[in-house]
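Undergrad: Pasting in a structure now, in structure tokens, and then I'll have a few things to ask.
The values are calculated or read from the model by the stated rules, or taken from the named source; none is laboratory data. Owing to the predicted nature of the structure, the values given are computational and were not obtained by experimental measurement. No Cβ is skipped: glycine too gets one built from the backbone with ideal geometry, and neighbour counts run over all protein chains shown.
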Amino acid sequence: MAPLGPEGFASAMGAAGVDVSRETLQRLGLYLDLLRRWQRAINLVGASTLADPWRRHILDCAQIVPHVPGTAATVLDLGSGAGLPGLVLALLGVPGVQLVESDLRKAHFLREAARATGAQVLIHPVRIEQVELRADVVTARALAPLPRLLELASPVLAPHGVCLFLKGESVLDELTRARQSWHMHSEIVPSRSGSRGVLLKLEGVGRASGRQS
């Protein structure tokens, strides 16, 4: 598969009903330039993924945008790392994005990337367990298996909030294990980035009766 470029990304998002301006493409390109430079000193992403970053990172994260409710005031990205997906969502115009990253080197990268690109984000350089807020949407990518991810997300998820998690091929097994302790309505959306991953949308998340942490 040939690497995806900015125009191909914009076309793919257009097919999903999301218009991407030339200015936004430039800001996303600037973010990727920073990612490549910082990658030399900090392991932010898998090195092989930078051969096709518009597909592997930008499109993979941007596919979340159509699923963010229009009423959402706060989107909390857990374990942001390189800013995926949270920083990408902010650059695409999703409001109220907040990033949680306890690794201080990565948090420094996030601050620099936000400054350079003009991304409107709030960065929490702390452990997820230390965050004290309730978000309408909680996102995460490659952070933890679903049972552990729900342990982390539940305390910061607002009532009637939505979880939007980018997951891999083991999603069905993870859902089976998670349902031993949690109840939820789940929707599995095939990836738009051409990978074997999925977007997992969860609503009505709550601990199953009789289960305590």
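Undergrad: Taking region 83-99 on its own, how many of its residues are surrounded by fewer than 24 Cβ atoms within 10 Å (Cβ to Cβ) and either free of Cβ contacts under 8 Å to residues at least 60 places away in the same chain or under 10 Å from the mean Cα position of the chain (by Cα) (or both)?
TA: Residues flagged as surrounded by fewer than 24 Cβ atoms within 10 Å (Cβ to Cβ) and either free of Cβ contacts under 8 Å to residues at least 60 places away in the same chain or under 10 Å from the mean Cα position of the chain (by Cα) (or both) within region 83-99 amount to 4.
Undergrad: A further question on this structure: Looking only at region 166-191, how many residues end up being assigned to a loop (DSSP other than H, G, I, E, B) and within 14 Å of the chain's Cα centre (by Cα)?
TA: 2
Undergrad: Look through Ser209, Ser193 and report the one residue that is exposed (fewer than 14 other Cβ atoms within 10 Å of the Cβ) and small (Gly, Ala, Ser).
TA: Unique residue meeting the criteria: Ser209.
Undergrad: In region 22-52, which residue that is of a type in the set (Gly, Ala, Ser) and outside any helix (DSSP H, G or I) is surrounded by the most Cβ atoms within 10 Å (Cβ to Cβ)?
TA: Gly46
Undergrad: A further question follows. Count, please, the residues in region 131-154 that happen to be surrounded by fewer than 17 Cβ atoms within 10 Å (Cβ to Cβ) and not aliphatic (A, V, I, L, M).
TA: Within region 131-154, residues that are surrounded by fewer than 17 Cβ atoms within 10 Å (Cβ to Cβ) and not aliphatic (A, V, I, L, M) number 6.
Undergrad: Does Val75 satisfy the criteria of being buried (at least 21 other Cβ atoms within 10 Å of the Cβ) and β-branched (Val, Ile, Thr)?
TA: Considered against the rule, which asks whether it is buried (at least 21 other Cβ atoms within 10 Å of the Cβ) and β-branched (Val, Ile, Thr), Val75 comes out as yes.
Undergrad: Pick from Leu175, Leu157, Leu166: which is closer than 20 Å to Val18 by Cα and either modelled with pLDDT of 95 or more or surrounded by 12 or more Cβ atoms within 10 Å (Cβ to Cβ) (or both)?
TA: The conditions single out Leu166.
Undergrad: Any chance you could count how many residues in region 178-190 are among the small types (Gly, Ala, Ser) and surrounded by fewer than 21 Cβ atoms within 10 Å (Cβ to Cβ)?
TA: 2
Undergrad: In region 55-71, is there at least one residue being surrounded by fewer than 18 Cβ atoms within 10 Å (Cβ to Cβ), over 30 Å from His160 (Cα atoms) and not charged (D, E, K, R)?
TA: Within region 55-71, none of the residues are surrounded by fewer than 18 Cβ atoms within 10 Å (Cβ to Cβ), over 30 Å from His160 (Cα atoms) and not charged (D, E, K, R).
Undergrad: Related question: Among the residues of region 91-118, how many are under 15 Å from Leu32 (Cβ atoms) and out of contact with any Lys or Arg (no Cβ under 8 Å at 6 or more places or on another chain)?
TA: Counting residues in region 91-118 that are under 15 Å from Leu32 (Cβ atoms) and out of contact with any Lys or Arg (no Cβ under 8 Å at 6 or more places or on another chain) gives 7.
Undergrad: Tally the residues that are touching a residue at least 60 places away in the same chain (Cβ under 8 Å) and closer than 21 Å to Gly14 by Cα, restricting the search to region 31-57.
TA: So the count comes out to 3.
Undergrad: Given the structure, is Gly204 surrounded by fewer than 18 Cβ atoms within 10 Å (Cβ to Cβ) and either part of a loop (DSSP other than H, G, I, E, B) or within 15 Å of the chain's Cα centre (by Cα) (or both)?
TA: For Gly204, the condition - surrounded by fewer than 18 Cβ atoms within 10 Å (Cβ to Cβ) and either part of a loop (DSSP other than H, G, I, E, B) or within 15 Å of the chain's Cα centre (by Cα) (or both) - is not met.
Undergrad: Being of a type in the set (Lys, Arg) and under 20 Å from Cys61 (Cα atoms) is the filter here; which residues of region 122-177 pass it?
TA: Arg141, Lys167 - these are the residues of region 122-177 that are of a type in the set (Lys, Arg) and under 20 Å from Cys61 (Cα atoms).
Undergrad: What about Arg196, is it assigned to a loop (DSSP other than H, G, I, E, B), at pLDDT below 95 and either out of contact with any Asp or Glu (no Cβ under 7 Å at 6 or more places or on another chain) or among the hydrophobic types (A, V, I, L, M, F, W, C) (or both)?
TA: Here the answer is no, as Arg196 does not meet what is asked.
Undergrad: For region 100-131, what are the residues that are in contact (Cβ under 8 Å) with a residue 24 or more places away in the chain and aliphatic (A, V, I, L, M)?
TA: Val100, Leu110, Ala113, Ala114, Ala116, Ala119, Val121, Leu122, Ile123, Val126, Ile128, Val131
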